[in-house]
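*Asks:* Submitted below is the structure of interest, expressed as structure tokens.
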RNA sequence: GUGAUUGUAGUUCAGUUGGUUAGAACGCCUGAUUGUGGUUCAGGAGGUCGCGGGUUCGAGUCCCGUCUUUCACCCCA
């Protein structure tokens with residue numbers, strides 16, 4: 001048993017059936033991205049640790065997978081390093097790490113290629129990322145992200161287009177019950193000002209972000225535990241009970257942050273985003289202003305998005321994004337504003353599987369299996385195989401002349417809908433036996449008629 | 001990172017207070033049917049009980065470690 005292979009924690013294989021479905025998801029998203037003018041980018045799995053560290057906060061740094069240097073990596077270390085612990089030792093033995101998301105590598109790319117890039121720059125990127133997190137349901141250590149970002153423009157049209165992209169993608173997937181929660185970081189900042197809690201932004205955001213998960217009472221308890229005054233909490237209570245439509249809720253929010261210039265600016269921008277989305281053809285039915293939406297990543301500065309599917313056992317977000325003012329600032333290029341969206345492929349997969357939304361045609365397999373009788377006949381049957389393929393039919397021949405029972409059973413298990421029997425009888429008459437494995441019907445047909453049937457059946 | 005939890009055939013799971021040769025279902029293979037699958041029937045193969053150590057006359061069962069699974073927290077896609 002000791003030689004039984006296993007997978008590392010939090011990683012998965014994707015078999016043929018899963019790959020068919022994943023490819024369907026990724027292709028759909030790619031097509032929509034391209035339709036909105038985004039172009040593909042790929043970056044290496046490995047980045048220098050200096051690129052990655054410090055971008056995700058202390059917690060994030062701990063979740064980075066670091067790669068041990070090659071060669072005698074101990075040579076550069078001293079006893080003093082060991083005594084100081086991991087943080088001192090690590091930089092000396094590991095210079096590279098696996099990418100943690102696609103946004104930071106993208107920022108690095110923009111900075112390195114700033115003179116070649118034409119701004120505004122729209123790119124999409126579909127690649128795996130790695131996090132040394134504890135795996136859970138819908139959480140893996142290796143998973144795919146599927147990002148589209150526009151950088152080099154402040155235009156709110158980009159935000160509006162993101163709403164359209166989300167609607168189009170989830171529409172194509174047939175996910176009907178989902179919400180695009182939107183909020184604006186400046187509204188949240190206004191909120192902080194309004195309750196006089198400057199300096200405790202993150203405490204506030206973390207707490208209210210949990211509203212839909214733990215409920216109003218517990219959020220209030222948590223705010224108390226985090227040291228917010230009762231008076232301040234009282235001012236927040238109205239936001240826990242927002243029930244109106246978007247424009248009503250925005251008005252309520254505007255009232256709460258009326259003394260904050262920042263907050264007012266956020267309200268105005270968000271209204272404009274929604275108006276633009278509407279003129280781009282959105283019915284806004286899925287869009288919901290959610291004042292408690294905060295999103296973890298601290299680099300967001302403007303509009304933020306998060307999509308959740310209802311009626312699925314996965315309640316966590318399946319897509320998210322927002323505007324950031326200064327993504328490339330950490331790499332020395334300031335003034336590049338951007339807005340992006342990220343699809344959680346693995347979770348979308350789980351949701352679609354849950355709800356049985358994968359279409360039949362996402363499974364493309366062999367259409368016809370040629371039965372193999374014996375070596376002598378094989379030389380006469382193989383040309384037929386080529387002719388079928390030339391006509392665009394996905395065909396394969398069983399490679400060995402084993403019992404027909406076994407060959408038919410192979411077709412059955414591989415879900416191949418047709419079997420083409422070409423034995424000595426068929427070769428003599430020139431008519432081949434085409435069997436439909438779903439209905440059990442079998443017909444003797446000349447090659448052209450076989451091709452016609454196979455072509456029309458797909 | 002904190003606290004729990006799981007691991008027995010290819011898969012899903014039984015397995016009594018520690019006691020002969022560790023079971024079932026499904027799947028797989030063979031045959032009934034040497035030119036026809038999916039149904040049926042008969043038979044068969046398949047396990048170092050996650051791994052390592054310990055307690056014991058004796059361990060799938062108890063103890064320790066380790067890896068893995070799932071879950072809550074933290075955080076997040």
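*Asks:* Looking at region A:364-456, what % of its DSSP beta bridges pair antiparallel, to the nearest 5? Write down the numbers at each step before the final one.
*Replies:* Numbers: 8 of 14 bridges.
Of those bridges, close to 55 percent are antiparallel.
*Asks:* Do you know the relative contact order of region A:92-159, to the nearest whole percent, from alpha carbon pairs under 8 angstrom that are 6+ apart?
*Replies:* Numbers: 71 pairs, mean separation 22.4, N = 68.
It comes to 33 percent, rounded to a whole number.
*Asks:* Two decimals is fine: what is log10 I(q)/I(0) at q = 0.17 Å⁻¹ for region A:1-146, from a Debye sum with one equal scatterer on every Cα and no solvent?
*Replies:* Relative scattering, expressed as log10 I(q)/I(0), comes to -1.13.
*Asks:* Normalised radius of gyration for region A:298-382, please: alpha carbon Rg relative to 2.2 N^0.38 Å, two decimal places. Don't jump to the answer; show the numbers that get you there.
*Replies:* Numbers: Rg = 24.6 Å, N = 85, 2.2 N^0.38 = 11.9 Å.
Normalised Rg, Cα atoms only: 2.06.
*Asks:* Follow-up. Given the -39500 (n - 2.57) contribution per DSSP H run of 4+ residues, what per-residue ellipticity at 222 nm results for chain A, rounded to the nearest 500 deg cm²/dmol? Write down the numbers at each step before the final one.
*Replies:* Working: 19 runs with 198 residues, N = 458.
Result for chain A, helices only: -13000 deg cm²/dmol.
*Asks:* Using just the Cα positions, wrap region A:47-98 in a convex hull and report its mean projected area in square nanometres, one decimal place.
*Replies:* Values: hull surface 14.3 nm².
Mean projected area for region A:47-98: 3.6 nm², to one decimal.
*Asks:* Counting pairs of Cα atoms in chain A, how many percent are more than 41 Å apart?
*Replies:* Numbers: 37847 of 104653 pairs.
Here the tail beyond 41 Å accounts for 36 percent of pairs.
*Asks:* So what is the orientation-averaged projected area of region A:364-456, using the convex hull of its C-alpha atoms, in nm²?
*Replies:* Values: hull surface 21.8 nm².
Averaged projected area of region A:364-456's Cα convex hull equals 5.5 nm².
*Asks:* For the Cα atoms of chain A, what angle does the longest principal axis make with the long axis of helix A:230-240, in degrees from 0 to 90, nearest 10?
*Replies:* 30
*Asks:* Specify the angular offset, from 0 to 90 degrees and rounded to the nearest 10, of the alpha carbon long axis of helix A:345-355 from the longest principal axis of the alpha carbons in chain A.
*Replies:* 70
*Asks:* Based on the mean of other Cβ atoms within 10 Å per residue, sort peptides A:225-232, A:5-12, A:380-387 so the most packed one is first. Show your work: numbers first, answer last.
*Replies:* Numbers: A:225-232: 12.9, A:5-12: 9.9, A:380-387: 14.9.
Final packing ranking: A:380-387, A:225-232, A:5-12.
*Asks:* Next question, about the same structure. Arrange the following residues from fewest to most other Cβ atoms within 10 Å of their Cβ: A:146, A:158.
*Replies:* Details: A:146 22, A:158 25.
Ordered by Cβ neighbours within 10 Å, fewest first: A:146, A:158.
*Asks:* Report, for chain A, the % of DSSP beta bridges that are antiparallel, rounded to 5.
*Replies:* Details: 49 of 60 bridges.
Looking only at bridges with both residues in chain A, the antiparallel portion is about 80 percent.
*Asks:* Same structure, new question: Would you mind checking the tilt of helix A:246-256 against the longest principal axis of the Cα atoms of chain A, expressed as 0 to 90 degrees and rounded to 10?
*Replies:* 20
*Asks:* Given contacts defined as C-alpha pairs under 8 Å and at least six residues apart, what's the relative contact order of region A:364-456, whole-number percent? Mind dumping the intermediate values first?
*Replies:* Numbers: 139 pairs, mean separation 27.6, N = 93.
Here the relative contact order equals 30 percent.
The numbers here are math on the coordinates, done by the rules we state, and not lab data. These numbers come from a predicted model, not from an experiment. Ideal geometry is used to build each Cβ from the backbone, glycine not excepted, and the neighbour counts take in all protein chains shown.
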